[in-house]
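Take a look at the structure below.
The values are calculated or read from the model by the stated rules, or taken from the named source; none is laboratory data. Predicted model, so just to flag it, every value in this text is computed and none were measured. Cβ atoms come from the backbone with ideal geometry, glycine included; neighbour counts cover every protein chain shown.
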Amino acid sequence: MKSVAARLAETGAGAVDGEPKARLGRLIRKQLAFVWRLLRRIGLNESEVDAAAREVFSAVAQRIADIRPSNERAFLFSTVLHVAARVRRQRGAQASLGEHAPALEELDPAGQAREILAALLEQMPLELRVVFVLSEIEQLPLADLAEIIGIPLGTVTTRLAQAQGDFATHLESDSERSQSLLAAARAERASPALLATVLAAAGVPVTAEDRAPERVASRALGADLEPTVITTRRRSPFMLAASWIALGWIVGLVLASALWAMRD
């Protein structure tokens, strides 16, 4: 990560002009959704993620002329990890995920599902978490994961199996509950207004189309596929109570693990 940080500081955004700037604009419009969701799934909350996405692409702007087209997503991945790690350090070691999470009763079912998933992912080591997120949520082929992360395919397979096993200790992988958590994460979208602010921060001219909320939502922020609908049908009191008991068990396990780690 130190080498990544050093490379990001070598040049300024003013070096981006002409064809590199046009390429940067295409890259932002194509990959903003991927970067935003990855930042969310590796631990940034809603108050942090937009600024982090702007920082990622401002860093890319500094190096766009040096990034090979075939290496764009790998560079984005490394930069996301660097930015996310810095944000989490600044947040403070004492600030747990639960301290920043909104009250569950204030969220819709999809929001509750994402908070539960975040609590589960927080327990995974980062090297397992990123493989799980890229495979199970972003649904990328394993060969693409190996290329993006920069590790052998066999290592990707091993880490994914470990991550899936870790996840299955809390929820059965093929259960309706686990699938609803993953579906909620896949459906999450950044604000349509984010595209224009990221382009501007990277020094790329913003067009009228970039500012059009409807087009931004469907084209630029990755909603070209219909998002999975999270049903909101009314549940019986028994099912609601069971859900809250399960949630309390999960959150309690997360807090107990954190306290045990602090004691060690």
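List every residue pair whose Cβ atoms lie under 6 Å apart, where the two residues are 6 or more positions apart in sequence or sit on different chains, the first residue falls within segment 144-159 and is over 16 Å from E72 (Cβ atoms), and the second residue, located anywhere, is of a type in the set (G, A, S) and in a helix (DSSP H, G or I).
L153/A146; V156/A146
Would you mind stating whether D66 is surrounded by fewer than 20 Cβ atoms within 10 Å (Cβ to Cβ), charged (D, E, K, R) and touching a Leu at 6+ places or on another chain (Cβ under 6 Å)?
no
Would you check if there is a residue in segment 171-193 being in a helix (DSSP H, G or I), farther than 21 Å from A110 by Cβ and either at pLDDT below 50 or not acidic (D, E) (or both)?
no
Out of all the residues in segment 1-56, which are at pLDDT below 50, within 30 Å of L182 (Cβ to Cβ) and either assigned to a helix (DSSP H, G or I) or of a type outside the set (A, V, I, L, M, F, W, C) (or both)?
V4
Condition first: touching a residue at least 60 places away in the same chain (Cβ under 8 Å) and within 14 Å of the chain's Cα centre (by Cα). Can you find one or more residues in segment 25-32 that meet it?
yes
For segment 120-170, which residues satisfy the criterion of being surrounded by 14 or more Cβ atoms within 10 Å (Cβ to Cβ) and part of a loop (DSSP other than H, G, I, E, B)?
If the condition is that a residue be surrounded by 14 or more Cβ atoms within 10 Å (Cβ to Cβ) and part of a loop (DSSP other than H, G, I, E, B), then Q123, M124, E138, L140, I151, H170 are the ones that fit.
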